[in-house]
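Notes for the one structure printed next.
Every number in this text was worked out from the coordinates using simple rules, so none of it is lab data. None of these values were measured; they are calculated from a predicted model. Because the Cβ atoms are built from the backbone with ideal geometry, glycine has one as well, and the counts that use them run over all protein chains shown.
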């Protein structure tokens, strides 16, 4: 279940597709058809906030509510929107299960009363990282740092997190696009040997499946640069497999 404690979730076809069908190549109109069918059957409500973003709410959700406020804005007839940190069922980044739902280390309530503060889940951050070509470990590292500071910047709640993650990608690229955190290098052999070819092959194969340059992927961006990077990765993969086969027969 992707909805929060109040039965609410994104209603945008792209976000629904990313969250529910990450491995399927689906057309937005197909997702809209399924969403609207649920609306027609009286299972959900679909509405827009004051910024014309689409959300949905499951009717008769009847889940035990642990959060004091929803992550997503209510319908306009529900009054002013109060957004706090998400409920404990969405803390899948650190899986602490403490159910704090919006308290920092000193117990102070981190709440913000404004139109809408976007606080993503770890899966949403990972999905967006794939679309912009950012390696997963860096996205998770960024997410955990934001968790630690309560999704605040300059004493203000973060309202748009995607541009911040995109900026993080530029720093990662400037560092040479490392596939692992610096501290993880200790797992390599002590004699300084490089990553074995089988590990490189596995890493590249995993990247190709969700690469924004892969036209068969739901995360395809259609950008020429991403297509070129994808092609270069495939060539590198073929070269590594050829080297591995050569080593095996020799």
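Between residue 75 and residue 170, what is the label-to-label distance in nm when each label sits 7 Å out along the Cα-to-Cβ direction?
According to this spin-label approximation, the distance is 4.2 nm.
Indicate the gyration tensor shape class of segment 188-249 (rounded, prolate or oblate), computed on the Cα atoms with a ≥ b ≥ c the square roots of the eigenvalues: a/c under 1.5 is rounded; otherwise a/b larger than b/c is prolate and the rest oblate.
prolate
For residue 2 and residue 66, calculate 0.36 nm times their separation in residues minus their Cα-Cα distance, and state this gained length in nm to one decimal.
My answer for the length gained is 21.5 nm.
Quick check: the distance between the Cα centres of segment 235-250 and segment 1-67, to the nearest angstrom?
If you average the Cα positions of each part, the centres end up 46 Å apart.
Please give the length that would be gained between residue 180 and residue 245 if that part of the chain were fully extended, namely 0.36 nm times their separation in residues minus their C-alpha to C-alpha distance (nm, one decimal). Numbers along the way, then the final one.
Working: separation 65, 0.36 × 65 = 23.40 nm, distance 2.59 nm.
Value of the extension gain: 20.8 nm.
Counting other C-beta atoms within 10 Å, which of 219, 6, 171 has the fewest, and how do the rest follow? List each step's numbers first, then the result.
Details: 219 22, 6 18, 171 10.
Going from sparsest to densest Cβ surroundings: 171, 6, 219.
If each residue's Cβ is checked for other Cβ atoms within 10 Å, how do 47, 143 rank with the fewest at the top?
Working: 47 18, 143 23.
With the sparsest Cβ surroundings first, the list reads 47, 143.
Binning every alpha carbon pair distance of segment 121-185 at 5 Å from zero, what are the percents per bin?
Reading upward from the zero bin: 4, 16, 30, 24, 17, 7, 1, 0.
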